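Shown next, in structure tokens, is the structure this report addresses.
The values are calculated or read from the model by the stated rules, or taken from the named source; none is laboratory data. Because the structure is a prediction, the values reported are computed rather than measured. Neighbour counts are summed over all protein chains in view; Cβ atoms, including those assigned to glycine, are modelled from backbone coordinates with ideal geometry. Heads up: the accessible areas ignore ligands, DNA and RNA and are worked out on the full protein's heavy atoms, side chains in. Shrake-Rupley method; radii C 1.70, N 1.55, O 1.52, S 1.80 Å.
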Amino acid sequence: MTKPGKFITLEGVDGAGKSTHLSFVADWLRKQGREVVVTREPGGTPLGETLRELLLHRDMDADTELLLMFAARQAHLAELILPALARGAWVVSDRFTDASYAYQCGGRGIAVARIAALETWVQRGFAPDLTLLFDVPPEVAEARRSAARTADRFEREADSFFSRVRNAYLDRARAEPARILVLDARHSIADLQAEIGELLKGLG
Ligand code: TYD
């Protein structure tokens, strides 16, 4: 029987710089001879990418936003993530459910129990094997966000929104220290990549 692959997610507030490290993680794993699938949330499937367009650009209330995040996630798991892991591929995703706890619970203020109920429904206990949380102080993230071209619905939020998102991410890392590893995203790209390489070696 094929050994199932591992599921790695990258998280952080907008402007933390996680996207820079996504291809590094994928390339590092490929050099170990693994099949790697790179994906993102919301998105990752044709339906999920359509939902992403709506989520990033169409105004909606917070509960609709949360439900659409999980609708996209259900399709993502069923059509892409779980089949890839089953055939032995490693899957690297730019965001996953920790983002719903950080943005919809921390940022928007939805009760944690609602998100936990959707997580149980859609994931049935499934979770990432490793989550890299890129953490930066709010002012650094804000400077990086404002250097970016066009802001989507989330990136236009106030600084206080991103402080709540960051704190919610850090709370999750404290609650699950074995899975969620916090990286200081103020470090140089080279230093972070050396650190990430060491963490990946530990995954086996
Ligand atoms: P992001 O991953 O930052 O993409 P880009 O780098 O292209 O801007 O954008 C996705 C946005 O979706 C981000 O602002 C966070 C938000 N998001 C949530 O609010 N909840 C979720 O569950 C997920 C997966 C993402």
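Put a dot 7 Å past the Cα of W121, heading toward its Cβ, do the same for A143, and the two dots end up 4.3 nm apart.
How large is log10 of I(q)/I(0) for the range 48-115 at q = 0.16, 0.19, 0.20, 0.21 Å⁻¹ when the intensity is taken from the Debye formula with one equal scatterer per alpha-carbon? Debye curve over Cα of the range 48-115, log10 I(q)/I(0) at q = 0.16, 0.19, 0.20, 0.21 Å⁻¹: -0.59, -0.79, -0.85, -0.91. Based on protein heavy atoms only, the chain ends up with 48 Å² per residue of surface accessible to a 1.4 Å probe.
Sequence gap at least 6, Cα distance under 8 Å: using those rules, report the relative contact order of the chain to the nearest whole percent.
Values: 297 pairs, mean separation 65.6, N = 204.
Value for the chain: 32 percent.
The range 100-125 and the range 142-201 have their alpha-carbon centroids 19 Å apart. On the principal axes of its alpha-carbon atoms, the chain has extents of 46, 38, 32 Å, going from largest to smallest.
Surface composition of the chain: carbon plus sulfur atoms contribute 55% of the solvent-accessible area (1.4 Å probe, protein chains only, all chains present). When the Cα positions of S163, P137, F70 are compared along the charge dipole of the range 7-201, F70 comes out farthest toward the positive end, with charges on each C-beta of Lys, Arg, Asp and Glu. Each Lys or Arg adds one and each Asp or Glu takes one away; over the other residues whose Cβ falls under 12 Å from the Cβ of A89, this sums to +4.
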